[in-house]
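Beneath this line is the structure, given in C-alpha cells, with notes to follow.
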Amino acid sequence: MSTSAIVIAIVSFALGALLALLTIPVLVWLERRIAGLVQDRIGPNRTNVFGFRLGGVVQSFADVVKLLLKEEYYPSHIKSGRWLFMLAPVITFVAALLAFMAIPFADTMIIDGESLRISALPIDFGVFWYLAISSIGVLGVIFGGWLSHNKYSLLGAARAGSMVTSYELPLGLSILAFIITYDTIDFNAMVQYQSGTLFGFLPAWGILVQPLAAIILIVSLFAETNRNPFTVAEGESEIVAGFMTEYTAMKFAMYFMGEYVAMNTASAVIITMIFGGYQIPWVSTSMLLENFSTFAISIMIVMPIIVAILIRWMRKNNRVRPTLSSDGGRNFETKVLTIAMVGMTVLVELILIYLAFLSESSLANNIAVTLFQIVVFVVKLMMFNMFFILIRWTVPRFRYDQVQKLGWYYLLPLSLLNIFVTALVIVGVAS
C-alpha cells in the first residue's frame, strides 16, 4: 500500500467522521432556527463564548454540556438486562454513523496510476452496506422500549419495528430500481452516471431518470429516520415519549444524536442517488480537470460574491439596537468574522491564481477539484437536511394507521410497478 493511499485513507476517514459528528450541533442549530423562522420568532442567539455566538451555534454546545452534567437516572423497576438497556441507544447511534461511512464525498483520485476512493470506507458495494447497516438501527429502538418495562415505551418500540418493516420493502425496491438503471451497486459509480445528460440537455440525475423511485426513496427515508410526519414511535400526544420515556442524560442524548446522524445519512444517500452527489450539473470530473483554468477562474469570480453576501447578511442580523449598549460584543464578533472571511477569500484566490496560471502540477489540480467536490457535497447535504427540518415544522404528524396504509397500500404497489416498468425499459434498450 503506497504512502498516498495511506494518507488519502486517513484523511477520508477523518472527513467522514467530521461530517457525521460535527454536523450534529449544526443540525440542532438549523432545527431551532428554521423552527423559529416558521413560527415567526428568532430562535437561539444569546449563548456565547467570549462574545462569539456564531449565529446561535454555540447554544448547541451548551446543550452538550448540560446533557453531560445531568443526573443519570436508572428506573428501579428495571431488574435485568440493564446493560442492554444502556447499550440500546449506542446501537442506534453507531448504526446510523457506520451507514454514513460508505458515502463518497468526491470522485476517485488517480495518483501515480493508483485509484484512491474519497470515502471513509473505500468499498465498491456501498448500497448493500447501507441497506445492511441502517436496518440494524431499529434494534436499538426495540431494545430500549422492551427493556424499559413501560407500556408506553413498549408501544413505541412496537410501532417503530412495524413501521421499519413496512417501509424497508418500498425503500429496498426503489433502490433496486436505481441499481437496475445505473447497473451498479457502487455509490461512486452512481454519481458518475449522473454527470451525463438526459435527452441531450437535462442533467442525468436520478430524480429525472427515475422520478417515481426517487419519490418513494425520499418518503421511505423520512419514515426510516423517524422524522415528521412519521414520528409514530414517539408520539407525545399518545404515548408520552415512546421508546425514550425512561431515558435521561447521555442515554437520551445518544438517541437524540442518533436521529440527527440518521437524518444526515439519509440526506447523503438521497443526494448521492438522485441529485448528482458531489457533481454539479452537466460537469464531470474529467471536464473539470481538462478545463482547470476555466474552472479556477469561475471559482475566483463566484467566491467573492458569495462571501460578500454572507458578510452583508451577518452585519444585518448581528446589528445591535442603540438601547442595548451592553450587547456590543456582537459588533466585535461581526468585525472578527468579517476579517476572517475576507482573509480566507484572499488566500483561496491566491492559491487558485497560482494553480491556474503558474503551476503545471496535475496532483495539485486533482486536489483542488477534489476539495471543490467535497464543498459541493456538503452544500447539497445541508440543503437537503434543511428540507428534512422544514417538513418537520410544516407537515402535521400522521396517525399510526395512516402511516401503515401509506406504506402497504400505496408505496409498496407503486415500487413493484416501477420495478416492472424499469426492467421492461432497460431490457428494451439493451436489446
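The values are calculated or read from the model by the stated rules, or taken from the named source; none is laboratory data. None of the values given here were measured: they were computed from a predicted structure. Here the Cβ is made from the backbone with ideal geometry for all residues, glycine too, and neighbour counts use every protein chain on show. SASA here: full protein model, heavy atoms, side chains in, ligands and nucleic acids out. Shrake-Rupley method; radii C 1.70, N 1.55, O 1.52, S 1.80 Å.
Worth pointing out:
- Some residue of the stretch 338-350 being closer than 30 Å to Ala262 by Cα and either free of Cβ contacts under 8 Å to residues at least 12 places away in the same chain or open to solvent by 40 Å² or more (accessible area, probe 1.4 Å) (or both): no
- Some residue of the stretch 23-39 being more than 24 Å from Tyr255 (Cα to Cα), of a type outside the set (Asp, Glu) and not in a helix (DSSP H, G or I): yes
- Listed by first and then second residue, the pairs with beta-carbon distance under 6 Å, at least 6 apart or on different chains, first residue in the stretch 7-22 and farther than 12 Å from Pro122 by Cα, second assigned to a helix (DSSP H, G or I) and open to solvent by less than 80 Å² (accessible area, probe 1.4 Å), are Ala20/Leu97; Ala20/Phe100; Ala20/Val261.
- Every pair of residues 6+ apart whose Cβ atoms lie under 8 Å, when the first sits in the stretch 68-87 and is touching a residue at least 40 places away in the same chain (Cβ under 8 Å) while the second is polar (S, T, N, Q) and surrounded by 10 or more Cβ atoms within 10 Å (Cβ to Cβ): Lys70/Thr248; Glu71/Thr248; Glu72/Thr248; Tyr73/Thr248; Pro75/Ser148; Pro75/Asn150; Ile78/Ser148; Phe85/Ser148
- Any helices (runs of 4 or more DSSP H) falling wholly within the stretch 133-245 and containing at least 2 residues that are in contact with an Asp or Glu (Cβ under 6 Å, 6 or more places away or on another chain), open to solvent by less than 40 Å² (accessible area, probe 1.4 Å) and of a type in the set (Val, Ile, Thr): none
- Test set (1) within 21 Å of Asn318 (Cβ to Cβ); (2) touching a Gly at 6+ places or on another chain (Cβ under 9 Å) - Ala62 fails condition number: (2)
- Any hit, the stretch 75-83, residues being in contact with a strand residue (DSSP E or B) (Cβ under 8 Å, 6 or more places away or on another chain) and surrounded by 14 or more Cβ atoms within 10 Å (Cβ to Cβ): no
- The set of residues in the stretch 35-56 being open to solvent by 20 Å² or more (accessible area, probe 1.4 Å) and among the hydrophobic types (A, V, I, L, M, F, W, C) consists of Leu37, Val38, Ile42, Val49, Phe50, Phe52, Leu54.
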